[in-house]
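Undergrad: I am attaching a structure below and will ask some questions about it afterwards.
The values are calculated or read from the model by the stated rules, or taken from the named source; none is laboratory data. Source: prediction; values computed, not measured. Note: ideal-geometry Cβ built from the backbone for every residue, glycine included; neighbour counts use all protein chains shown.
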Amino acid sequence: MLALSDLDLLALWEVVQGAHPVARPVELLRAVVIHGDDERHDDPHPEQLPIGTRDRKLLALREQWFGARYETTSDCPACGTRVELTFDTPPAADASAPLRLAHDGRELEYRLPDTRDLIALLDCTSIDDARARLAARCLDLDSVPDDLVAPLAEALSTADPDGDLRVALTCPDCGGGWEALFDPATHLWSEVESAAFRLLRDVDALAAAYGWSEDAILSMSPVRRQAYLRMVTS
């Protein structure tokens, strides 16, 4: 579907809203398939996709549903000023690096982390614990030497740059520069949830005024629905 109908949007929101935030990106992709999206997003196991690949699929969905332009805010880490930023869908990065890492005189093969790995780290008690456990999972080892964790983290970032998208910013007040993390999954879900609640408020207002059913209200064109809403609120 190149556009998301109001009925489909509410169905997606209803299915996905109860998921844990870490699992929500793959639940959203899975729900999209269930509700009839086209073959570009029909991967049967989105939880196995590398994070960058998964997020690229979410960026593609967001562009289809809401457009390519993003508007958000970020706080300057130096002075706390809230900075507004506008940007288009980030271009895909080159992720052609081989999944091998030289360490202690030998070459180790690793895989890119996926959503299953992030879920497995939810009970970690520290950043260091999470990094060590992620390294072990990506190398398929019970544990890894401490001096291997940082090199592997750097290798993962190089091999899957779309898994850590950032936007360069400059503060208009203090002139400081920084890179703000951009999470496509969080951003898309926020927009889906906001759109769903707008629709529910519209349904509530028109059902209270005219006694119409949700299906009848949502089957109207947006133009006609807004016209009735203006009559109710005027």
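Undergrad: (1) assigned to a strand (DSSP E or B); (2) in contact with a Cys (Cβ under 9 Å, 6 or more places away or on another chain): which one isn't true of LEU156, the others all being true?
TA: (1)
Undergrad: Across the stretch 100-118, which residue is nearest to ASP162 (Cα to Cα) among those that are within 21 Å of the chain's Cα centre (by Cα) and of a type in the set (A, V, I, L, M)?
TA: Going through the qualifying residues, I end up with LEU112.
Undergrad: Residue check, ALA227 against (1) in a helix (DSSP H, G or I); (2) of a type outside the set (Asp, Glu); (3) surrounded by 14 or more Cβ atoms within 10 Å (Cβ to Cβ), all met but one. Which one?
TA: Among (1) in a helix (DSSP H, G or I); (2) of a type outside the set (Asp, Glu); (3) surrounded by 14 or more Cβ atoms within 10 Å (Cβ to Cβ), ALA227 violates only (3).
Undergrad: Let me ask something else. Hey, GLY163 hits all of (1) in contact (Cβ under 8 Å) with a residue 24 or more places away in the chain; (2) closer than 17 Å to VAL83 by Cβ but one; which does it fall short on?
TA: Evaluating GLY163 over (1) in contact (Cβ under 8 Å) with a residue 24 or more places away in the chain; (2) closer than 17 Å to VAL83 by Cβ leaves (2) as the failure.
Undergrad: Here are ASP142, ASP204, ASP173: which of them is without any contact (Cβ under 8 Å) to a residue 24 or more places away in the chain and outside the structural domain of THR115 (by TED's automatic domain parsing)?
TA: Numbers: ASP142 fails: outside the structural domain of THR115 (by TED's automatic domain parsing); ASP173 fails: without any contact (Cβ under 8 Å) to a residue 24 or more places away in the chain.
Criteria check complete, one pass: ASP204.
Undergrad: Would it be correct to say that SER194 is surrounded by fewer than 14 Cβ atoms within 10 Å (Cβ to Cβ), out of contact with any Ser or Thr (no Cβ under 9 Å at 6 or more places or on another chain) and in a loop (DSSP other than H, G, I, E, B)? Before you say what the answer is, go through the steps one by one.
TA: Working: surrounded by fewer than 14 Cβ atoms within 10 Å (Cβ to Cβ): yes; out of contact with any Ser or Thr (no Cβ under 9 Å at 6 or more places or on another chain): yes; in a loop (DSSP other than H, G, I, E, B): no.
In short, no.
Undergrad: Continuing with the same structure: Go through GLU214, GLU191 for me and flag whichever is of a type outside the set (Lys, Arg) and over 15 Å from SER5 (Cβ atoms). Let's see the steps before the verdict.
TA: On the way: GLU214 fails: over 15 Å from SER5 (Cβ atoms).
So the residue among GLU214, GLU191 that is of a type outside the set (Lys, Arg) and over 15 Å from SER5 (Cβ atoms) is GLU191.
Undergrad: Report yes if some residue within the stretch 119-136 is within 29 Å of the chain's Cα centre (by Cα), surrounded by 14 or more Cβ atoms within 10 Å (Cβ to Cβ) and touching a residue at least 60 places away in the same chain (Cβ under 8 Å); otherwise report no. Give the derivation first.
TA: Residues of the stretch 119-136 that are within 29 Å of the chain's Cα centre (by Cα), as a first pass: 119-136.
Pick out the ones that are also surrounded by 14 or more Cβ atoms within 10 Å (Cβ to Cβ) and you get 119-121, 124, 130-136.
Narrowing the set further to residues that are touching a residue at least 60 places away in the same chain (Cβ under 8 Å) leaves 119.
Among the residues of the stretch 119-136, at least one is within 29 Å of the chain's Cα centre (by Cα), surrounded by 14 or more Cβ atoms within 10 Å (Cβ to Cβ) and touching a residue at least 60 places away in the same chain (Cβ under 8 Å), which makes the answer yes.
Undergrad: I want to confirm something. Restricting to the stretch 137-148 and keeping residues that are buried (at least 17 other Cβ atoms within 10 Å of the Cβ) and touching an Asp or Glu at 6+ places or on another chain (Cβ under 9 Å), which single residue is nearest to ASP94 (Cα to Cα)?
TA: Here is the first cut: in the stretch 137-148, the residues buried (at least 17 other Cβ atoms within 10 Å of the Cβ) are 137-139, 144, 148.
In the following step, the residues that additionally are touching an Asp or Glu at 6+ places or on another chain (Cβ under 9 Å) were identified as 137-139, 148.
On the way: ARG137: 24, CYS138: 20, LEU139: 22, LEU148: 24 Å.
Here the answer is CYS138.
Undergrad: For residues in the stretch 159-172 being under 20 Å from the mean Cα position of the chain (by Cα) and assigned to a loop (DSSP other than H, G, I, E, B), which is surrounded by the fewest Cβ atoms within 10 Å (Cβ to Cβ)? Don't jump to the end; show me each part of the working.
TA: The first filter runs over the stretch 159-172 and keeps only residues under 20 Å from the mean Cα position of the chain (by Cα), leaving 159-168.
Checking the rest, the ones that are also assigned to a loop (DSSP other than H, G, I, E, B) come to 160, 164-165.
On the way: ASP160: 21, ASP164: 16, LEU165: 18.
For the stretch 159-172, the residue satisfying everything is ASP164.
Undergrad: Within the stretch 154-178, which residues are among the hydrophobic types (A, V, I, L, M, F, W, C) and closer than 13 Å to CYS79 by Cα? Working first, answer last.
TA: Within the stretch 154-178, the first condition is being among the hydrophobic types (A, V, I, L, M, F, W, C), and the residues that meet it are 155-156, 159, 165, 167-169, 171, 174, 178.
Scanning the stretch 154-178 gives CYS171, CYS174, TRP178.
Undergrad: Could you tell me which of the residues GLU179, GLU193 is under 24 Å from the mean Cα position of the chain (by Cα), within 22 Å of PHE66 (Cβ to Cβ) and of a type outside the set (A, V, I, L, M)?
TA: Numbers: GLU179 fails: within 22 Å of PHE66 (Cβ to Cβ).
Exactly one residue qualifies, and that residue is GLU193.
Undergrad: I'd like the residue in the stretch 149-158 that is in contact (Cβ under 8 Å) with a residue 12 or more places away in the chain and within 30 Å of ASP88 (Cβ to Cβ) and, out of all such residues, is surrounded by the most Cβ atoms within 10 Å (Cβ to Cβ).
TA: The residue in question is LEU156.
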